[in-house]
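Step one of this worksheet: look at the structure below.
The values are calculated or read from the model by the stated rules, or taken from the named source; none is laboratory data. The structure presented is a predicted model; accordingly, all values stated were derived computationally and were not measured. Because the Cβ atoms are built from the backbone with ideal geometry, glycine has one as well, and the counts that use them run over all protein chains shown.
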Amino acid sequence: MLKHSIWLKLAWTITLMPSIYLVLFYSYVLRARLVLGRWPIPYQPDPQELGFDFHYRLIAFSLLGIYLSLFAMVVIFILRFEYLQKIRKFSYSLAALIYSISFILYLISFYADPGDFWEWFMD
């Protein structure tokens, strides 16, 4: 069995995944703004041509992480009744609140898309 501290770190990482993604994505947009001298617009320039390859890949992996974390949050909340009750330092209700708020912010930013940054990034 894994140590409790590893479970605790994993649980908080899963909880914060939508927030991590939003920070990574908008820091990439800001970085593009600083390099271009203007806000990026769809198809100008291609996000992969900016030379931020590592940052671009982090965003791609964290996007996948959001959907995996959604599944993982459900699993964690089911398993906590059976196996994870010994981890007292992890507040499940606080984690659910943080995850819900950050996931809702992710959805709002995705669908509202201020500045067409999602369209620019996905082109």
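If you scan the stretch 1-59, which residues turn out to be among the polar types (S, T, N, Q) and within 18 Å of the chain's Cα centre (by Cα)?
Initially, the stretch 1-59 is screened for residues among the polar types (S, T, N, Q), giving 5, 13, 15, 19, 27, 44, 48.
Passing the criteria: T13, T15, S19, S27.
Out of the residues in the stretch 7-66 meeting the condition of being part of a helix (DSSP H, G or I) and among the basic types (K, R), tell me which one is modelled with the lowest pLDDT. Spell out the reasoning first.
So in the stretch 7-66, the residues part of a helix (DSSP H, G or I) come out as 7-36, 47-50, 53-66.
From the residues that got through so far, the ones that are among the basic types (K, R) too are 9, 31, 33, 57.
Numbers: K9: 80, R31: 94, R33: 93, R57: 93.
Going through the qualifying residues, I end up with K9.
Table: residues versus (1) at negative phi; (2) buried (at least 16 other Cβ atoms within 10 Å of the Cβ); (3) in contact with a helix residue (DSSP H, G or I) (Cβ under 6 Å, 6 or more places away or on another chain).
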| position | (1), (2), (3) |
| --- | --- |
| L16 | yes, yes, no |
| R31 | yes, no, no |
| L34 | yes, no, no |
| R38 | yes, no, no |
| E49 | yes, no, no |
| D53 | yes, no, no |
| I59 | yes, yes, yes |
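Considering only residues that are within 19 Å of Y92 (Cα to Cα) and hydroxyl-bearing (S, T, Y), which ones fall in the stretch 1-55?
Within the stretch 1-55, S5, T13, T15, S19 meet the criteria.
For the stretch 99-123, name all the residues that are at pLDDT 90 or above and either among the β-branched types (V, I, T) or at positive phi (or both).
Those that are at pLDDT 90 or above and either among the β-branched types (V, I, T) or at positive phi (or both): I101, I104, I108.
Enumerate the pairs (first residue in the stretch 91-114 and in a helix (DSSP H, G or I); second residue anywhere and small (G, A, S)) with beta-carbon separation below 6 Å, excluding pairs fewer than 6 apart on the same chain, so at least 6 apart or on different chains.
Once the first residue is in a helix (DSSP H, G or I) and sits in the stretch 91-114, its partners that are small (G, A, S) give S102/S19.
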